[in-house]
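J.: Before we start, here is the structure in question, set down as structure tokens.
Just so it is clear, none of the values below were taken in a lab; they were calculated from the coordinates. Since this is a predicted model, take the numbers as computed values, not measurements. Quick reminder, even Gly has a Cβ in these numbers, built from the backbone with ideal geometry, and neighbours come from all protein chains shown.
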Amino acid sequence: MNRRRTAAVIATAGALALSVLNAPAAQAKDTGIVLSDLVINNGKPIVVGTSRVVEPPTSFNIALPAGYSTSNPSRYLAHPFLYRGNIATAANTGENYLGPGGYTCYELDSQRARCEGAMYIDPPARDEIDSNSDATKWKIGVVLRLYPAGDGPVVAEEYETRSGSVSLRRAAKLTVADATPEPVAKGKKITLTSKLTRANWTTQKNGPYAGSTVSLQFRAKNATTFKTLKKVTTNSAGALRTTVTASTDGFFRWVYYGNTTTGTATSGQDYIDVR
């Protein structure tokens, strides 16, 4: 079934945040807007590095009160965001506040629409994520607003807290697995190395991740899956080093499975020729 697109909202988080911060004052009042079926990043943690903008997919439904229509999107606003601390303080100051992004809403009927798009998290901005303590669970909020038909103050505005939370995690990275010597005689020792780093949001650079357990995996030349050979702990510089016995041609890689503050990482593979 074709759905009519009622509004294409394409804006940066900064632009939308300014619309929240600079909106005319309104008394806290029930807007009558219902935002439902909210899904952020498919229910998964959001992993953020030090330079690349992250846009977690987000979708939700909206239902408007009597007197408002999805055909006139200039008269209402509804979008989710993430916050820490007090919801009103975060939304009105922009501190401990993440999102929103760009959304396209499709009309279901004259008062209901399905909205799909993404949040917008920009680590280089530093005013959004500037401390490693931000790698934690963030609360979910929504802002709802009604505008008059013409000029004038906002008719009604409210901030709602939603159940659940979204985990924000620091991106991790493993350097390409390095297996030496190459080629190697069967039964001889192979040395495997790599390095694990993760995003440091304070310095805006990646730094070594010491004391972390990483799995060394191997896939034989004609096999389809990797098998874990052993687990190795990174040293103070985040470096990994271990030895295994050469048995057959195949591919080595390192895998870090992450934790509550850090995302997962998989190294590039290194093929070893056993003769």
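J.: With each run of n ≥ 4 DSSP H residues scored as -39500 (n - 2.57), what mean residue ellipticity at 222 nm is computed for the chain after dividing by its residue count and rounding to the nearest 500 deg cm²/dmol? Don't skip to the end; give the middle numbers.
T.: On the way: 2 runs with 16 residues, N = 275.
After summing the helix terms and dividing by residue count, I get -1500 deg cm²/dmol.
J.: Same structure again: Would you please name the trypsin sites (Lys or Arg not before Pro) within the stretch 43-127 that are DSSP coil residues with at most 16 other C-beta atoms within 10 Å of their C-beta?
T.: Numbers: sites: 52, 75, 84, 112, 114, 126; in loops: 52, 84, 126.
Listed in order of number, the matching sites are 52, 126.
J.: Could you pull out the trypsin sites (Lys or Arg not before Pro) across the stretch 164-263 that fall in loop regions by DSSP (anything but H, G, I, E, B) with no more than 16 other Cβ atoms inside 10 Å? Working shown, then result.
T.: Working: sites: 169, 170, 173, 186, 188, 189, 195, 198, 205, 219, 221, 227, 230, 231, 241, 253; in loops: 186, 188, 221.
Listed in order of number, the matching sites are 186, 188, 221.
J.: Given labels modelled 7 Å from the Cα in the Cβ direction, how far is it in nm from residue 51 to residue 163?
T.: Here the modelled spin labels are 4.3 nm apart.
J.: Convert each backbone phi in the stretch 161-171 into a coupling constant with the Karplus relation 6.51 cos²θ - 1.76 cosθ + 1.60 (shift: θ = phi - 60°), then list the ³J(HN,Hα) values in order as whole Hz, x for Gly and Pro.
T.: Result, rounded to whole Hz: 8, 10, 5, x, 7, 10, 7, 9, 10, 7, 5.
J.: GNM, the chain, Cα, under 10 Å: largest mean-square fluctuation among 45, 153, 56?
T.: Taking springs between Cα atoms under 10 Å, the residue moving most is 153.
J.: Give me the percent relative contact order of the chain, please, defined on Cα pairs under 8 angstrom at least 6 residues apart.
T.: Details: 714 pairs, mean separation 51.3, N = 275.
Taking the mean separation of contacting Cα pairs over the length of the chain, I get 19 percent.
J.: Any chance you could tell me what percent of the C-alpha pair distances in the chain go past 36 Å?
T.: Numbers: 13023 of 37675 pairs.
Summing the P(r) of the chain above 36 Å gives 35 percent of all pairs.
J.: Return the FRET efficiency for the residue pair residue 204, residue 249: r is the Cβ-Cβ distance, R0 is 41 Å, and the value is rounded to the nearest 0.05. Don't skip to the answer; put the middle values down first.
T.: On the way: r = 42 Å, r/R0 = 1.02.
Calculated transfer efficiency: 0.50.
J.: Which of 140, 272 comes first, and how do the rest follow, when ranked by fewest Cβ neighbours within 10 Å?
T.: On the way: 140 20, 272 24.
Least crowded to most crowded, the residues run 140, 272.
J.: Among 57, 148, 100, determine the one that fluctuates most according to a GNM of the chain built with springs between C-alpha atoms less than 10 Å apart.
T.: 148
J.: With θ set to phi - 60° and the Karplus curve 6.51 cos²θ - 1.76 cosθ + 1.60, what are the ³J(HN,Hα) couplings of the stretch 244-251 in order, to the nearest whole Hz, using x for Gly and Pro?
T.: 9, 8, 5, 10, 7, 4, x, 10
J.: Here is a further query. Can you compute the label reach from residue 30? Point 7 Å from Cα along the Cβ direction, backbone N cut-off under 18 Å, restricted to the stretch 54-93.
T.: 63-68
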